[in-house]
Amino acid sequence: MANKKGSDGRYRYRVCIGKDETGKPKYKSFYGSTAKAARAAAEAYRTALGKGMDPAQSKATLATLYDNLIAAKTAKGIGQKSLDRYEDNKNHWGPLLDQPAADLRTADFQRVLNSLAQWHNGKPPLSHFTLSNLRSSAKAAYKLAIPEVVQYNPIVKTTCPAGADPEHREPITEEQQQWIRETPHRAQRAAMLLLYSGLRRGEATALTWADVDLKEATITVHSGYNFKDKKIKDPKTEAGVRVVNIPKILVDYLKTQQDDCLYVLHTVKGHRMTEQAWKTLWSSYMADLNAKYGYHGEESKKRPGGLPMRIEPFTPHQLRHTFCTLMYFAGVDVLTARDQMGHKDISVTLGIYTSLDKKFKKKKINRLDSYLKKQTG
């Protein structure tokens, strides 16, 4: 029943929820600004009990819901990689994890999704695919908890943000190329290799020093790395098996980089690079470049909350595309460029060359005008 107004101005309504170990009745109190509001809250609770809610789990946190989901998935025998993904998704919710799941609302989850779709804590925005996967996992965790812990699923009404733009295929600028050449960082070796050899990320990951002939200025590509299956694989196509001729700038750089590790690119412990190792490395690299060239070294990348991006970040794949662009500007014919890039179909290389032709046609005509002007005096 509703009691009189308390000293804090609220009304209370108590509901008997059973008996304790001594046989005495146990009550749960509900409060409202009016007696009617307090009673409505109590009735909603009674209704939830009737639908199967377990009072003992009323304070179960979002983290608990995820742990229950992971336990259920483990019982079904799903792979460790999938279980790790659920654990990663769980950790993305950050401060929401320790809050009672029944108290969280759609707006709480939407705010987190929106923040992850942007640069956050010095980390790049998550892709739409990753955000969608994150949202789906939370939706599944809540679905499993109905009706014992929660009565409805707040994820259903959230909207998955667009997230990071699809991977850029535009070449990086000359200024960004200069950043790579002149900025020491643990990722510099990877950036220099991709920029001046055009290797795919998986090919570069599988590359050993035995595949690099600095005397002949060549790199032999005969395998790649499958990040999903975590194992060495054959190249993407037969054309992927190739000998890449590398420019002197890369030869000279690699001469200063040889170490005792098997792999040209490796973790700090000398192990082969994994997907997570690449993400961590590249995130640190972009943060360093941003602090140096976006803030001119006046701010630390370790500033709480991270530094907002002032530079245009770039991806490893953009460096491969830039190598093809450099060959175009150097006048390398399309057949040679195809062999260097490892494209199975020459139409892929032609497509890149044709798009560059369209983009720089006006500049070429201007050169012709300048040439004819000199010829005619």
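The values are calculated or read from the model by the stated rules, or taken from the named source; none is laboratory data. Worth saying up front: this structure is predicted, and the values here are computed from it rather than measured. Positions of Cβ are backbone-derived with ideal geometry, glycine not excepted, and every protein chain shown enters the neighbour counts. These area figures cover heavy atoms from the full protein model, side chains too; ligands, DNA and RNA do not enter into them. Shrake-Rupley method; radii C 1.70, N 1.55, O 1.52, S 1.80 Å.
Quick notes on this structure:
- Percent accessible area from carbon and sulfur atoms, the chain, protein chains only, probe 1.4 Å: 52
- In this structure E312 has an accessible area near 110 Å², from a 1.4 Å probe over the protein heavy atoms.
- Nearest-10 value in Å² for the accessible area of C160, using the 1.4 Å probe: 30
- By average C-beta atoms within 10 angstrom, highest first, the peptides 213-224, 183-194: 183-194, 213-224
- Cross-link check: pairs K279/K359; K24/K139; K36/K59 evaluated at a Cα-Cα cut-off of 29 Å; pairs beyond the cut-off: K279/K359; K24/K139.
- Computed accessible area, F30, all protein chains, 1.4 angstrom probe, square angstrom: 30
- Sorting V243, V334, V264 on solvent-accessible area from highest to lowest, probe radius 1.4 Å, gives V243, V334, V264.
- Selected from Q176, Q258, Q340 as most flexible by GNM, with the chain as the system and alpha-carbon contacts under 10 Å: Q258
- Sequence of D234, D259 when ordered by accessible area, the most exposed leading, probe 1.4 angstrom: D234, D259
- Amide H to amide H distances under 5 Å link K233 with G224, Y225, N226, where only residues 5 or more positions off or on other chains count and H is placed in the peptide plane.
- Given +1 at the Cβ of Lys and Arg, -1 at the Cβ of Asp and Glu and no other charges, the dipole of the chain around its Cα centre is 1560 debye to the nearest 20.
- For the residue pairs K26/K90; K73/K228; K81/K123; K90/K301, the alpha carbons lie more than 28 Å apart in K26/K90.
- Accessible area expressed per residue, the chain, with surrounding protein chains retained (probe 1.4 Å, Å²): 58
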